[in-house]
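J.: The structure that follows is given in the form of structure tokens.
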Amino acid sequence: MDIAALSMGLSQMKVTQQASISVMKMAMDAGQTQMNDMVQMVQENTKMMEQSVNPHLGKNLDISL
């Protein structure tokens, strides 16, 4: 068995594993960003729907002292 070839093979496997982990982290970050954007969009749409159903709410403030 050739020690140098074995060492090179193990080194290549390590680099391949590190590349796979980096790609997986990038995909997870992209998924997290998309999820955050979707949650924000739903919250904005909810506010707009509330305003369209009750447009008179929140426009006037009566204060008596």
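Here, each number is a calculation from the coordinates, and none is a lab measurement. Bear in mind that the values here come from a model prediction, so they are computed numbers and not experimental data. When we count neighbours, we look across all protein chains shown, and the Cβ atoms used for this are built from the backbone with ideal geometry, even at glycine.
J.: Would you call Asp37 out of contact with any Gly (no Cβ under 6 Å at 6 or more places or on another chain) and not in a helix (DSSP H, G or I)? Break it down stepwise before answering.
T.: On the way: out of contact with any Gly (no Cβ under 6 Å at 6 or more places or on another chain): yes; not in a helix (DSSP H, G or I): no.
Taking the combined requirement at face value, the residue does not satisfy it.
J.: Which one is surrounded by the most Cβ atoms within 10 Å (Cβ to Cβ), of the residues in the stretch 40-65 that are of a type in the set (A, V, I, L, M) and outside any helix (DSSP H, G or I)? Let's see the steps before the verdict.
T.: Residues of the stretch 40-65 that are of a type in the set (A, V, I, L, M), as a first pass: 41-42, 48-49, 53, 57, 61, 63, 65.
If we keep only those that are outside any helix (DSSP H, G or I) as well, we get 57, 61, 63, 65.
On the way: Leu57: 9, Leu61: 5, Ile63: 4, Leu65: 2.
Only one residue tops the list, namely Leu57.
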